[in-house]
Amino acid sequence: MWEVLVVDNNSRDQTPEIVQDFGRRFPDRFRYVFEARQGLSNARNAGIREARGDIIVFTDDDITVEPNWLQNLTASLHGGNWAGAGGRILPAQTFSPPPWLALDGPYGMGGVLYAHFDLGGQAGELDRAPHGANMAFQKYVFEKFGGFRTDLGRSSDSLLGNEDTEFGRRLMARGERLRYEPSAVVYHELLETRANKQYFLTWWFNYGRAQMRESGMRPGIAGIPRHYFSIPHVILRHLPTRILQWALALSPQSRFYRKCMVWVGVGWLVETYQLARHDKRQSEKCSV
């Protein structure tokens with residue numbers, strides 16, 4: 001038994017009519033869920049609350065799945081040995097990248113362009129978190145560890161991501177096992193309009209911000225929030241090293257990749273400053 005939940009997060013098109021029509025044609029299979037609180041994490045958490053099954057599968061609205069995708073992705077989750085699973089995400093069409101952009105290899109950025117996730121043809125335990133376009137979890141893990149963080153996840157006014165991979169890392173850090181299923185394949189739409197340098201620099205800047213926001217949950221040192229130590233660490237160590245690597249890079253692909261890594265560091269600094277300001281405001285409120 002399976003069901004499809006389509007979560008409408010304030011769409012402005014015909015999503016309600018289309019999904020409700022499917023619901024009438026296939027009762028108990030397709031359901032429409034509306035979530036007014038904007039943001040991808042809010043939408044996913046709404047779907048989790050409404051889901052009736054013991055296994056919850058996630059994908060995106062710009063994905064095409066293979067006919068056997070659902071069965072292959074969830075087959076290992078019925079025995080109880082695995083908390084979740086992730087499958088391959090491949091581009092939906094061929095694409096000739098510009099000379100400065102590598103899609104795979106040491107400077108590959110296919111993950112930015114189309115959420116690329118491909119660890120080869122051998123199934124086994126994951127040592128990294130799966131991506132939101134092709135992942136499944138036992139429902140109990142949300143009851144045990146909480147849902148997707150709402151301070152992360154894309155929305156109309158925020159480009160911060162990492163909410164999907166943060167959840168996977170959270171599970172693995174708590175000892176839960178995630179499985180890689182290479183036979184569960186989806187194809188991600190590839191928007192060539194994104195293949196410009198500004199898009200990538202903005203993406204990596206926000207990736208750095210999301211990384212720092214995620215790490216801000218770690219315990220402090222001697223009662224001092226950990227991110228206070230991050231500012232000199234980034235300024236004195238990480239950024240100079242990354243700027244030097246950028247300056248010394250030879251090929252156009254490596255040079256642009258190194259530039260993006262500098263933008264990650266700038267994102268770290270910006271988010272650390274925002275976290276420090278937030279801590280200061282909270283301290284002032286507590287002292288009043």
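The values are calculated or read from the model by the stated rules, or taken from the named source; none is laboratory data. Keep in mind that what you see is a predicted model, and the values were worked out from it rather than measured. Counting neighbours? That spans all protein chains shown, and the Cβs are built from the backbone with ideal geometry, glycine included. Surface areas here come from the heavy atoms of the whole protein model, side chains and all, with no ligands, DNA or RNA. Shrake-Rupley method; radii C 1.70, N 1.55, O 1.52, S 1.80 Å.
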Considering only residues that are modelled with pLDDT of 85 or more and of a type in the set (Ser, Thr, Tyr), look in segment 211-262 and name the one that is farthest from Phe167 (Cα to Cα). Ser251
Checked pairs for segment 244-257, first within 19 Å of Asp104 (Cα to Cα) and surrounded by fewer than 18 Cβ atoms within 10 Å (Cβ to Cβ), second modelled with pLDDT of 95 or more and among the aromatic types (Phe, Trp, Tyr), C-beta under 6 Å and 6 or more apart or across chains, list as Pro252/Trp100
Only residues that are over 12 Å from His188 (Cα atoms) and at pLDDT 90 or above: list them for segment 82-95, please. Trp82, Ala83, Gly84, Ala85, Gly86, Gly87
Hits in segment 153-176 - residues which are open to solvent by less than 20 Å² (accessible area, probe 1.4 Å) and closer than 13 Å to Ala83 by Cβ: Phe167, Gly168, Leu171
Pro182 passes all but one of (1) under 16 Å from the mean Cα position of the chain (by Cα); (2) outside any helix (DSSP H, G or I); (3) not basic (Lys, Arg); which number fails? (1)
On the given criteria, is Trp82 touching a helix residue (DSSP H, G or I) at 6+ places or on another chain (Cβ under 6 Å), under 21 Å from Lys139 (Cα atoms) and not small (Gly, Ala, Ser)? yes
Which residues, taken from segment 78-108, are of a type in the set (A, V, I, L, M), in contact (Cβ under 8 Å) with a residue 60 or more places away in the chain and either buried (at least 20 other Cβ atoms within 10 Å of the Cβ) or within 24 Å of Ser183 (Cβ to Cβ) (or both)? Ala83, Ala85, Ile89, Leu90, Ala92, Leu101
Counting only residues that are under 28 Å from Trp82 (Cβ atoms) and either crowded, with 19+ Cβ neighbours inside 10 Å or at pLDDT 90 or above (or both), segment 1-28 contains a total of 5
List the pairs whose first member sits in segment 6-25 and is small (Gly, Ala, Ser), whose second member is open to solvent by less than 60 Å² (accessible area, probe 1.4 Å), and whose Cβ atoms are under 8 Å apart, counting only residues at least 6 apart or on separate chains? Gly23/Phe30; Gly23/Arg31
Would segment 34-52 turn up any residue that is open to solvent by less than 60 Å² (accessible area, probe 1.4 Å), closer than 30 Å to Met261 by Cβ and not in a helix (DSSP H, G or I)? yes
